[in-house]
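Heads up, the thing below is written out as structure tokens.
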2 protein chains.
Amino acid sequence: MTVSHFDIKKHGYFGADVGGTLAKIMFYEPENDPAISKVRDFVLSSTTYGSTGQRDEKLTVSLPKAKLHFILFETNRMRQAIKLIKAQNILSGVKNISVTGGGAFKFAELVKEELGCIIKKKDEMHCLIHGLNFLLKNVPDEVYYFANPEDDKDEEKAICDVREDMFPYLLVNVGTGVSILKVSNWDDFERVSGSGIGGGTYYGLCRLLTQAKDFSATLEEAVKGDDNSCNMTVGDIYGGSYESLGLDANMTASFFGKLVMGDSYKENVKEADVCKALLYMVTNNVGQIAYLNARLQGLKNIYFAGNFLRTNKIAMKYLSKAIHFWSGGEMKALFLQHEGFFGACGAFLDSEQPNSCESS
Amino acid sequence: MTVSHFDIKKHGYFGADVGGTLAKIMFYEPENDPAISKVRDFVLSSTTYGSTGQRDEKLTVSLPKAKLHFILFETNRMRQAIKLIKAQNILSGVKNISVTGGGAFKFAELVKEELGCIIKKKDEMHCLIHGLNFLLKNVPDEVYYFANPEDDKDEEKAICDVREDMFPYLLVNVGTGVSILKVSNWDDFERVSGSGIGGGTYYGLCRLLTQAKDFSATLEEAVKGDDNSCNMTVGDIYGGSYESLGLDANMTASFFGKLVMGDSYKENVKEADVCKALLYMVTNNVGQIAYLNARLQGLKNIYFAGNFLRTNKIAMKYLSKAIHFWSGGEMKALFLQHEGFFGACGAFLDSEQPNSCESS
């Protein structure tokens, strides 16, 4: 896929991924195109729009004859965003917008009424894979890993340039649940496994077990907690390491297993400990299942993506540690700079394709 | 390993596995041996001993020239059991008893003082594997599976005679944590994987989330619960199945993920639902990790054993369902009639071996 073959008449300027919580937009800015001056002026005039809209300048991608810009806002501000666009007359002349995510269905009528645009609904998984493949190919520093996976505090990132040797790879998409896909080529992917223990398990159990008022608050708690007030280690069972089996004394033998040992343990557990133990449990398990599937498929590159990882560096560090542990240091957990924007990018790329999805 | 080569002078009559909660004993009864008449008369006089001792007659194994009997009692009755044995003078002439489990260390002094017997401490994992291998080889109906894994209600068991083709196999030992071992031959095994999401996770989280007074109570609740008041299905996300990825609408997409959807869901969740959702989460995950490891090791036979499964038919049914699901119906979860007694059996078999373990 080359980078300068976009026909604006077919592709438009936008791709969008409207999820339950966040709406993500990719804006394609071709060089020297007077037709888009109004849109460009509006988008580039600021890095914030309305009360929640944000453009992340660090994510801007320079292609040979165009730039890609990435914007997000809260989906519950969608109606206000549409009003703003209408008032500024930004989308005059745009007939179609390619949209993926649940909002493609939810807001189609409103967009047609207010802006006169047709929303072309695109399959989420196709958009995710196409957007990811495009950015992997065109952004030299798209992929990174944590240089010191065993050190929870050290967040030094290292770049991994995969542009010359992209396929095949394993994509582990950690959202509310977890999907594991083998991506063999540009358009060739299959879901090889998954797990019901994902972001929803973490936050759902946090909601049952703590007073934390939102997802961010549980992560702030997790940083402060001590998971070993909940978790049973090998040392708790054997009084030390179990050497003949190669199990270190500090290894977690049972998540939440310490609570079985007596009421005094239960009384000592703080909410921060519960958040940390849950985060460790979920990410360690995702890492293990990802590793086992990578081994089964004979794949070396494992990318972790998905909403659960957005602004969740602790989870990424835990995933790095898990892959390091389960692979005996042979594999790395790979992460992506444009995390969260692949669907929007893919919707833009797919805009000329006829395969829009329909609500089931 | 033949079945009639036991030298009583070397092996003694007993093997024991003294765990944190339960003590398990195997009694070896050779034919026509007057030296053991006192012990035999005591053991066979009843199927109950003291307040918690129980012999399960259904488990008695008839070998060509001997019988094996299986007895268990609560470890907290150990002191009373030792007093009873002393008062009845049952172990007169027995110099050594082979014991595995934590109690091998805990009660060694007391047994020596009161009964004049030396406790020979045996490695837990070795005893487990040796005992299991011996019973797999000598008991035609040792292995069974559930004939209808997809039907939660139907508990029809089917026998699987493995005596002629025992090795290699995967042993998934589900206790507080989970150990996964590849057993290649009588004395040849290695721990290939494991999981910290096991029985301790289930009961530990139940203790944090419910008022259930003990482990059995949580299982009684689980039978009555509806896990879908906690768990998010594919249908909850997509409004139906996600056909292009082959995901059925009823499939669990995220354990406890429904609690993320809003406060009203949280208010509707009952303790029984939480127990069921936790049991489903833990067993499904154990099944998936077992399946992936079996595939990686190229193994067809997966045995599930361990304390978590004792008197826990619901967990076994869920494991059957999980293996059926993850393997697309190609594999079965196999269970064992003498569940819980392999360590005791192995301690007896290993009694002549010098490799006793020492506390680390």
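The values are calculated or read from the model by the stated rules, or taken from the named source; none is laboratory data. Only a predicted model underlies this, so the values are computations on that prediction, with no experimental measurement involved. No Cβ is skipped: glycine too gets one built from the backbone with ideal geometry, and neighbour counts run over all protein chains shown. Accessible surface is based on the protein model in full, side chains and every heavy atom, while ligands, DNA and RNA are left aside. Shrake-Rupley method; radii C 1.70, N 1.55, O 1.52, S 1.80 Å.
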Check your understanding: With B:Ile36, B:Ile118, B:Ile25 as the choices, which residue is open to solvent by 70 Å² or more (accessible area, probe 1.4 Å) and of a type outside the set (Asp, Glu)?
Key -> B:Ile118
Review point. Any idea which residue in the stretch B:250-294 is nearest to B:Leu309 (Cα to Cα), counting only those that are of a type in the set (Ser, Thr, Tyr) and at pLDDT 95 or above?
Key: B:Thr283
Exercise for review: Would you mind finding the one in B:Asp151, B:Asp141 that is without any contact (Cβ under 8 Å) to a residue 60 or more places away in the chain, open to solvent by 60 Å² or more (accessible area, probe 1.4 Å), more than 30 Å from A:Ser229 (Cβ to Cβ) and not assigned by the TED database to the domain that holds B:Ala81?
Suggested key: B:Asp151
Exercise for review: May I ask you to list pairs of residues, at least six apart or on different chains, whose Cβ atoms are under 6 Å apart, with the first in the stretch A:243-255 being at the interface with another protein chain (Cβ under 7 Å from one of its Cβ atoms) and the second being open to solvent by 40 Å² or more (accessible area, probe 1.4 Å)?
Suggested key: A:Leu245/B:Arg191; A:Ala253/A:Ile237; A:Ser254/B:Thr176
Practice item. Please work out which one of (1) under 17 Å from A:Ala333 (Cβ atoms); (2) hydrophobic (A, V, I, L, M, F, W, C); (3) open to solvent by less than 50 Å² (accessible area, probe 1.4 Å) is the condition A:Cys127 fails and give its number. Key: (1)
Review point. Inside the stretch A:143-185, can you point out the residues that are part of a loop (DSSP other than H, G, I, E, B), closer than 20 Å to A:Val223 by Cα and either in contact with a Ser or Thr (Cβ under 8 Å, 6 or more places away or on another chain) or of a type in the set (Ser, Thr, Tyr) (or both)?
Key: A:Pro149
Point to revise | Residue match in the stretch A:7-17 (condition: of a type in the set (Val, Ile, Thr), surrounded by 15 or more Cβ atoms within 10 Å (Cβ to Cβ) and touching a residue at least 12 places away in the same chain (Cβ under 8 Å)) | key: no
Exercise for review: Scan the stretch A:218-236 for residues that are at the interface with another protein chain (Cβ under 9 Å from one of its Cβ atoms) and part of a loop (DSSP other than H, G, I, E, B) and report the count.
Suggested key: 2
Exercise for review: Please work out which one of (1) crowded, with 21+ Cβ neighbours inside 10 Å; (2) part of a loop (DSSP other than H, G, I, E, B) is the condition B:Tyr318 fails and give its number.
Suggested key: (2)
Check your understanding: Which residue, of B:Gln297, B:Gln288, B:Gln337, is of a type outside the set (D, E, K, R), open to solvent by 10 Å² or more (accessible area, probe 1.4 Å) and more than 19 Å from B:Leu136 (Cα to Cα)?
Key -> B:Gln297
Revision key, fill the gap. Given the conditions (1) open to solvent by 30 Å² or more (accessible area, probe 1.4 Å); (2) in contact with a His (Cβ under 8 Å, 6 or more places away or on another chain); (3) among the hydrophobic types (A, V, I, L, M, F, W, C), every one holds for B:Leu110 apart from (2)
**Study point:** Residue list for the stretch B:257-281, restricted to those being touching a strand residue (DSSP E or B) at 6+ places or on another chain (Cβ under 9 Å) and of a type in the set (Phe, Trp, Tyr)
**Key:** B:Tyr280
Exercise for review: Just give me the residues in the stretch B:39-68 being surrounded by 15 or more Cβ atoms within 10 Å (Cβ to Cβ), closer than 24 Å to B:Gln337 by Cβ and among the β-branched types (Val, Ile, Thr), in sequence order.
Suggested key: B:Val43, B:Thr52, B:Val61
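Yes/no per residue for (1) over 23 Å from B:Lys213 (Cα atoms); (2) assigned by the TED database to the domain that holds A:Lys313:
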{"site": "A:Tyr203", "(1), (2)": "yes, yes"}
{"site": "A:Cys206", "(1), (2)": "no, yes"}
{"site": "A:Gln211", "(1), (2)": "yes, yes"}
{"site": "A:Asp214", "(1), (2)": "yes, yes"}
{"site": "A:Glu221", "(1), (2)": "yes, yes"}
{"site": "A:Gly246", "(1), (2)": "yes, no"}
{"site": "A:Gly257", "(1), (2)": "no, no"}
{"site": "A:Met261", "(1), (2)": "no, no"}
Practice item. Any residue in the stretch A:257-277 that's at the interface with another protein chain (Cβ under 9 Å from one of its Cβ atoms): show its pairings with residues that are open to solvent by 70 Å² or more (accessible area, probe 1.4 Å) and modelled with pLDDT under 95 at Cβ separation under 6 Å, as long as the two are six or more apart or on different chains. Key: A:Lys258/A:Tyr265; A:Leu259/A:Tyr265; A:Leu259/A:Lys266
Check your understanding: Being open to solvent by less than 30 Å² (accessible area, probe 1.4 Å) and either at positive phi or assigned to a strand (DSSP E or B) (or both), is that true of even one residue in the stretch A:262-278?
Key -> yes
Practice item. Would you confirm whether any residue within the stretch A:165-181 is in contact with a Pro (Cβ under 8 Å, 6 or more places away or on another chain) and either more than 7 Å from chain B (Cβ to nearest Cβ) or not polar (S, T, N, Q) (or both)? Key: no
Exercise for review: For residues that are open to solvent by 40 Å² or more (accessible area, probe 1.4 Å), part of a helix (DSSP H, G or I) and in contact (Cβ under 8 Å) with a residue 40 or more places away in the chain, tally how many sit in the stretch B:186-208.
Suggested key: 0
Review point. So, of the residues in the stretch B:209-249 that are in contact with a Phe, Trp or Tyr (Cβ under 7 Å, 6 or more places away or on another chain) and of a type outside the set (Val, Ile, Thr), which turns out to be most open to solvent (accessible area, probe 1.4 Å)?
Key: B:Phe215
